[in-house]
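J.: Below: one structure in structure tokens.
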Amino acid sequence: MILIDAGPLIAGIDRSDLAHAECARVLGTLPDEGLATWPVFAEAMHMLGRRKGRQGPRSRQQVLWAMLDAKDLHVLDMDQPHIRRAKALMHKYREFPMDLCDASLVVVGEALNIRRVFTLDRHFAAYRLNSKTPFEIVPDVRGD
């Protein structure tokens, strides 16, 4: 299993993104094991909608929906204890700052004991599962 952040979803779908080739390649190797959260999915959907390009049935947003429909991406819900933990993590990492997407992925990683995260976000190098275990970051090409 691997957690997937919004950045690689966006880059993997948007061919004009500088990280497109690497993200599309990695996404293609993750059948049935990619996990995101609703905050991640919502952020990716929002950012894909803001990018210029083709609209209609094969818009970037529709490609993201198709990934969900095809079960190439699984989106996990968060319950109240997870939401409280995300709030605490955002406070703990406020100097970075940690956003809700990142916090939700750390919470899910803790809950499901998943260390691998597919992200372009350098902050994940500082985040720790249960305050001690570092993430294994995929791919090895990280941006801001």
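J.: Among the candidates L27, L48, L18, single out the residue that is more than 15 Å from V108 (Cβ to Cβ) and touching a Ser or Thr at 6+ places or on another chain (Cβ under 9 Å).
T.: Numbers: L27 fails: touching a Ser or Thr at 6+ places or on another chain (Cβ under 9 Å); L18 fails: touching a Ser or Thr at 6+ places or on another chain (Cβ under 9 Å).
Being more than 15 Å from V108 (Cβ to Cβ) and touching a Ser or Thr at 6+ places or on another chain (Cβ under 9 Å) holds for just one of L27, L48, L18, which is L48.
J.: Which residue is farthest from A44 (Cα to Cα), if the candidates are limited to the range 93-128 and must be in a loop (DSSP other than H, G, I, E, B) and touching a Gly at 6+ places or on another chain (Cβ under 8 Å)?
T.: Kept after step one, since they are in a loop (DSSP other than H, G, I, E, B), are these residues of the range 93-128: 93-99, 113-115, 119-120, 126-127.
Going one step further and asking which of them are touching a Gly at 6+ places or on another chain (Cβ under 8 Å), we end up with 115, 119-120.
Values: R115: 21, T119: 12, L120: 13 Å.
The selected residue is R115.
J.: Moving to a separate point now. Right, A6: in contact with a Pro (Cβ under 8 Å, 6 or more places away or on another chain), under 18 Å from I137 (Cβ atoms) and either of a type in the set (G, A, S) or modelled with pLDDT under 90 (or both) or not?
T.: Details: in contact with a Pro (Cβ under 8 Å, 6 or more places away or on another chain): no; under 18 Å from I137 (Cβ atoms): yes; either of a type in the set (G, A, S) or modelled with pLDDT under 90 (or both): yes.
No; evaluated as a whole, the condition is false for this residue.
The values are calculated or read from the model by the stated rules, or taken from the named source; none is laboratory data. Everything quoted here is computed from the prediction, not taken from an experiment. Because the Cβ atoms are built from the backbone with ideal geometry, glycine has one as well, and the counts that use them run over all protein chains shown.
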